[in-house]
Amino acid sequence: MSQHQSDIKRVTTHQLQAMKDRGEKIAMLTAYDYSMARILDGAGIDVILVGDSASNVMAGNETTLPITLDQMIYHATSVVKAINRAFVVVDIPFGSYQGNSSEALRSAIRIMKESGAHGIKVEGGKEIKESVQRILSAGVPVMGHLGLTPQSIFKFGTYAVRAKDQKEADKLVEDAKILEDCGCFAIVLEKIPAALAGKVAEQVSIPIIGIGAGPHVDGQVLVIHDMLGITQEFQPRFLRQYADLDKIMTNAFVQYINDVKKRDFPNQQESY
Ligand code: KIV
């Protein structure tokens with residue numbers, strides 16, 4: 001049976017909105033490659049984010065800044081090939097939308113056209129309003145991202161919790177309303193006080209997806225390498241580790257190395 005004939009119902013922006021409206025939480029995780037995306041989609045994830053965190057966990061960079069548009073498209077293309085159900089959102093990387101709204105639109109269109117993804121994500125509020133409007137007017141679903149926006153890490157100077165003071169909290173609420181008014185289908189809130197995130201989820205009608213933003217939001221997102229315990233050095237308070245893949249993989253590798261060294265692998269059944 002072809003994918004089109006199957007009875008798997010693809011997740012859409014309308015379904016995500018309906019999930020918020022009926023109080024069903026949205027589950028989102030990142031993925032950057034075909035094999036991980038296939039497992040994730042099969043497990044029933046609602047949204048897959050091809051995050052620019054690929055810069056950290058796939059390429060080993062300290063920040064998300066170095067990853068390029070071409071590299072994001074490469075990751076997104078691999079992920080999209082594995083998907084039957086999930087909604088796939090791709091980060092527009094640093095330096096490919098901040099220049100002006102034409103550049104932002106061009107980058108968004110390249111992502112959609114070349115990868116087959118279903119939407120894009122941008123970091124920022126009021127200051128990128130024109131770009132968001134331009135991308136949306138081309139029919140591309142846009143997810144916002146406020147709070148700790150990693151592309152601005154050198155402006156913040158630290159990965160500490162954002163919007164703890166009233167001025168920044170007020171700006172965040174205002175930015176969320178701007179993104180909603182523009183027509184964004186959802187907003188990620190990263191590393192902000194739980195009460196503030198809850199207030200935003202209450203005051204805007206579109207789904208709010210939190211990472212380090214507490215339980216009073218419409219869904220949650222984590223970086224897949226962090227929740228699987230592949231990254232060991234990143235242990236923020238908000239992270240729940242669902243597996244210790246570092247340990248499991250290391251054990252498997254050590255066993256394989258030993259088997260090869262002691263000529264146990266391959267055995268007769270494993271040979272032609
Ligand atoms: O790039 C990423 O993985 C993200 C999530 C942390 C939301 O933006």
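In the set V188, V173, which member is assigned to a helix (DSSP H, G or I), in the same structural domain as V89 (by TED's automatic domain parsing) and either open to solvent by less than 20 Å² (accessible area, probe 1.4 Å) or more than 11 Å from the ligand (Cβ to nearest atom) (or both)?
Within the list V188, V173, the selection yields V173.
Conditions first: (1) under 18 Å from V90 (Cα atoms); (2) touching a residue at least 40 places away in the same chain (Cβ under 8 Å). I211 passes all but one, so which condition is the exception?
(2)
Evaluate the stretch 197-211: report whether one residue or more is outside any helix (DSSP H, G or I), in the same structural domain as D33 (by TED's automatic domain parsing), open to solvent by 30 Å² or more (accessible area, probe 1.4 Å) and within 14 Å of the ligand (Cβ to nearest atom).
Scanning the stretch 197-211 turns up no residue that is outside any helix (DSSP H, G or I), in the same structural domain as D33 (by TED's automatic domain parsing), open to solvent by 30 Å² or more (accessible area, probe 1.4 Å) and within 14 Å of the ligand (Cβ to nearest atom).
Answer yes if at least one residue in the stretch 73-83 is closer than 19 Å to I8 by Cβ, touching an Asp or Glu at 6+ places or on another chain (Cβ under 6 Å), of a type in the set (D, E, K, R) and at pLDDT 95 or above, and no otherwise.
No, every residue in the stretch 73-83 fails to be closer than 19 Å to I8 by Cβ, touching an Asp or Glu at 6+ places or on another chain (Cβ under 6 Å), of a type in the set (D, E, K, R) and at pLDDT 95 or above.
Looking at (1) within 19 Å of L189 (Cα to Cα); (2) outside the structural domain of S107 (by TED's automatic domain parsing), which one does I8 not meet, given that it meets all the others?
For I8, the failing item is (1).
Which of (1) more than 15 Å from the chain's Cα centre (by Cα); (2) touching a residue at least 40 places away in the same chain (Cβ under 8 Å); (3) over 23 Å from A213 (Cβ atoms) is the odd one out, the single condition S101 does not satisfy?
(2)
When R162 is evaluated against the numbered criteria (1) touching a strand residue (DSSP E or B) at 6+ places or on another chain (Cβ under 8 Å); (2) touching a residue at least 40 places away in the same chain (Cβ under 8 Å); (3) not aliphatic (A, V, I, L, M), which criterion, by number, is the only one it fails?
(2)
Anything in the stretch 140-159 that is touching a strand residue (DSSP E or B) at 6+ places or on another chain (Cβ under 9 Å) and closer than 19 Å to L239 by Cβ? List them, or say none.
H145, G147, L148, T149, P150
Among V57, V50, which is the only one that is among the β-branched types (V, I, T), open to solvent by 20 Å² or more (accessible area, probe 1.4 Å) and touching a helix residue (DSSP H, G or I) at 6+ places or on another chain (Cβ under 6 Å)?
Values: V50 fails: open to solvent by 20 Å² or more (accessible area, probe 1.4 Å).
Checking each option against the conditions leaves just V57.
Only one residue in D21, D33, D46 is within 18 Å of A186 (Cα to Cα), of a type outside the set (V, I, T), assigned by TED's automatic domain parsing to the domain that holds F185 and within 16 Å of the ligand (Cβ to nearest atom). Which one?
Testing whether each residue is within 18 Å of A186 (Cα to Cα), of a type outside the set (V, I, T), assigned by TED's automatic domain parsing to the domain that holds F185 and within 16 Å of the ligand (Cβ to nearest atom) leaves just D46.
If you go through the stretch 52-103, how many residues are within 20 Å of T158 (Cα to Cα) and of a type in the set (D, E)?
Qualifying residue count for the region: 2.
The values are calculated or read from the model by the stated rules, or taken from the named source; none is laboratory data. As the structure is a prediction and not an experimental result, all values here were calculated from the model. Cβ coordinates were reconstructed from backbone atoms using ideal geometry, including for glycine residues, and neighbour counts include every protein chain displayed. Only protein heavy atoms, including side chains, enter the accessible area calculation; ligands, DNA and RNA are left aside. Shrake-Rupley method; radii C 1.70, N 1.55, O 1.52, S 1.80 Å.
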